[in-house]
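Chemist: Have a look at this one.
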Amino acid sequence: MTDVIAFFPGQGAQQVGMLADLAAEYPQIQSTFAEASESIHLDLWAMCQDGPAETLNQTYNTQPALLTASVALWRVLKEACPALNVVAGAGHSLGEYSALVAADAIDFADAVRLVKKRGELMEAAVPAGQGGMAAILGLEEDQIRAVCAEASAAGVVEPANFNAPGQIVIAGAMSGVEKAIELAKAAGAKRALPLAVSGPFHSSLMKAAAEEFGEALNAVSFRAPAFPVYHNVDNAVATLAEIPSRLLAQLYSPVNWTGAVQACRGRADNAIEFGPGKVLSGLNKRIDKTLATHNTGDATSLQATIAFIQGS
C-alpha cells in the first residue's frame, strides 16, 4: 500500500466539457453532480458540459462546479481503489473545501451550498472593474512585497497567492494592481500580467464579505477531519475548533500553496490531484521536483493513477 497526499485545485481549473469522458464509465460522476445540483437548485452538469464558458467562469458558478468535480473524482478513485491510503490533504483556495469534504469534515451538500454563497459574496464585495489580480513571474517573495508596498500609494495591492517559487499573484484595487505590474516589470519580472477574474480575491478588500460569510460558516456542522488537512492561511493542520475561523480568514488572506505542499511533503512521496486539468501538478514540480503528482481529470490520467495505486 502506498501512502499518498490528496490535493484539490481551485478556480482556474474549470473548463466546459470537464469529466465528460469519465461520466459514461463511472456513474459516481453523474450521481455526485445530481446531488450537488439538488442542493443548490442548479443543473451543474449541464452548465459544465454546455457552458457557455462565461457562465461557468462566474465565481458563484465556478466554485460549486469545481467542488463537485473534485468530490466526484475522489469518490470514483476511492471506489476503484479501496486500499487508497491518504495520509494528508490540502486544497488551493476553493480546493480546501473539497479537501474537507474528502476528509469527512463537512457534508458534501453543506459544502456545495457554502461555496455557492462564498462565490456570491466574493463577487459582490468589490464593484465590478474596481479590483483585480495579476500574476507576477520571476520575482521572489521579498521583491513582491516591496513592489506592493510601493504601489500601494496608488491603491491597495497585496500578495494574494504564493503559488510556487517565482510565481506569485497579487490582488487589490485596480489602480494599485496596475502600478504594481509596472513596478514589477521594472524590477525584472519575467512576466507581469492581469488575470481575467472578477475581483481582488484573497486581499483585505474581501473583508467586506467576511461578516455574512461568517454567519454561513457558523450555520454548518463540521467534524474532525479523517486525515490531516492543511489550511491555506497558516499551513497548519485543521482542527475541529478552528476550521470555521481558518476558512473565514482565507477569504481575505493570501493562499500559501508553496507552504501547504511543503507542510504535507514529509508525509508521502506521491500525491494525487483530484480535479480537472493539471494546474497543481505544474505548481508542485516548481515547489518540489521529488514529489510525484498523479492526475485524475480525464480517462487516460485516471486509469494511469488507478493502475499506479493498484500496483503499489
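Chemist: Using alpha carbons only, how many degrees (0 to 90, rounded to 10) separate the axis of helix 141-151 from the longest principal axis of the chain?
Modeler: So the inclination is approximately 50 degrees.
Chemist: Which value at 222 nm does the chain reach when only helices count, each DSSP H run of 4 or more adding -39,500 (n - 2.57), with the total divided by all residues and rounded to the nearest 500 deg cm²/dmol? If you can, show how the numbers build up before the last one.
Modeler: Working: 14 runs with 151 residues, N = 312.
Rounded to the nearest 500, the figure is -14500 deg cm²/dmol.
Chemist: When 1/r is averaged over all different Cα pairs and the result inverted, which Kirkwood radius in Å belongs to segment 131-197? Could you put the intermediate results ahead of the total?
Modeler: On the way: mean 1/r = 0.0915 Å⁻¹.
For segment 131-197, the Kirkwood estimate is 10.9 Å.
Chemist: Over 31 Å between C-alpha atoms is what I'm after, so list which of Lys190/Lys278; Lys185/Lys285; Lys117/Lys285; Lys116/Lys289; Lys185/Lys207 land there. Don't skip to the end; give the middle numbers.
Modeler: On the way: Lys190/Lys278 22 Å; Lys185/Lys285 25 Å; Lys117/Lys285 33 Å; Lys116/Lys289 35 Å; Lys185/Lys207 29 Å.
Pairs exceeding the cut-off: Lys117/Lys285; Lys116/Lys289.
Chemist: On each of the three principal axes of the Cα atoms of the chain, give max minus min coordinate, whole Å, ordered largest first.
Modeler: 55, 43, 39
Chemist: So, in nm, how far is label Ala186 from label Ala208 when the simple model puts each one 7 Å beyond its Cα toward the Cβ?
Modeler: So the two model labels end up 2.9 nm from each other.
Rule-based calculations on the coordinates, nothing more; no lab input. All figures in this text were calculated on a predicted structure; none of them were measured in a lab. Cβ atoms come from the backbone with ideal geometry, glycine included; neighbour counts cover every protein chain shown.
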